[in-house]
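Student: A single structure is presented below for examination.
The values are calculated or read from the model by the stated rules, or taken from the named source; none is laboratory data. Just so it is clear, the structure is predicted and the values come from calculations on it, not from any experiment. Backbone-built Cβ (ideal geometry, glycine too); neighbour counts: all protein chains shown. Heavy atoms of the whole protein, side chains included, go into the accessibility calculation; ligands, DNA and RNA do not. Shrake-Rupley method; radii C 1.70, N 1.55, O 1.52, S 1.80 Å.
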Amino acid sequence: MLNYARPGDTVHISEMLRLVRGTGHILDVLDVLHRDQVALRIHDGAFSATDLTARHPRTGELLSTVKFMVQTLAAAGELQRDLQRELTYDGLRAAEAKGSKGGRRPAVADAKTADVRVAYLEGRSIAALARDHGVSRGAIRTAVADLLPDHAALEEDPRRRSCRSPSTRRAKSPTSSAPPNWTPPSGMRSTRG
């Protein structure tokens, strides 16, 4: 943002805590904006009614009252964020203690997971199982994740870095740097003169 802003521009933000994260940082940001002659407009929150550009006429420093208000309001916002974080962690731990798992519910219901696993072991493809159960292939892979073959051996082999084998790699287009022995198929005209 500071690389893009020019002297005389105005930075618009919804609330001050979107721009800065702590009390020490807020005064540094205000000094940089003043140095670059960029105005700041805050639309919501406690800072929206405060003129953060008020400077002492002789020294050019922030007025003491502005500095005090900024530090106080930023400390209050920081406290609010910290309390919110603590309450979130407490809630997650309480839910975990009750046996609740976080995250999304699986797309394949627990009742159907056993059927999907048995069908996979019998040789049904992941795509066919996905069509049958009306879910994505990724959902089926999640349901049978521990049954999938281990790919660790492929990752360790330096000769097999690509997923495709050399015979299944796509050919380059004729206009790209084709090998010297490449000849266009019959019916194609050469553009070289």
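Student: For ALA94 and ASP31, compute 0.36 nm times the residue count separating them, minus their Cα-Cα distance, and round to one decimal in nm.
Tutor: Fully extending the segment from ALA94 to ASP31 adds 18.3 nm.
Student: Same structure again: Tell me, what is the FRET efficiency for LYS101 and ALA128 to the nearest 0.05, using R0 = 30 angstrom and their Cβ-Cβ distance as r?
Tutor: It comes out at approximately 0.55.
Student: Further, regarding this structure: If DNA, RNA and ligands are ignored and the probe is 1.4 Å, what is the ranking of LEU129, LEU121 by accessible area, most exposed first?
Tutor: Heavy-atom accessible area, descending, gives LEU121, LEU129.
Student: Can you work out the accessible area per residue across the range 89-136, with the rest of the protein chains kept in place, probe 1.4 Å, in square angstrom? It would help to have the intermediate numbers written out before the result.
Tutor: Numbers: 3880 Å² over 48 residues.
On a per-residue basis, 81 Å².
Student: Between GLU86 and MET1, take the C-beta separation as r, use R0 = 35 Å, and let me know the FRET efficiency to the nearest 0.05.
Tutor: 0.70
Student: Considering only protein heavy atoms, what per residue accessible area in square angstrom results for the range 1-47 with a 1.4 angstrom probe?
Tutor: Working: 3030 Å² over 47 residues.
Computed with neighbouring chains in place, this is 64 Å² per residue.
Student: Okay, next question. Taking the range 1-97, which trypsin sites (Lys or Arg not before Pro) meet the DSSP loop condition and have no more than 12 other C-beta atoms within 10 Å?
Tutor: Answer in residue order: ARG58.
Student: So for TYR120, TYR4, what's the accessible-area order with a 1.4 Å probe, most first?
Tutor: Descending accessible area places them as TYR4, TYR120.
Student: Quick one: pull the percent of accessible area on the range 1-152 belonging to carbon and sulfur, 1.4 Å probe, ligands and nucleic acids left out.
Tutor: Carbon and sulfur atoms account for 52 percent of the accessible area of the range 1-152.
Student: Multiply the residue gap between LEU63 and ASP9 by 0.36 nm, knock off their C-alpha separation, and tell me the result in nm, one decimal place.
Tutor: 17.2 nm
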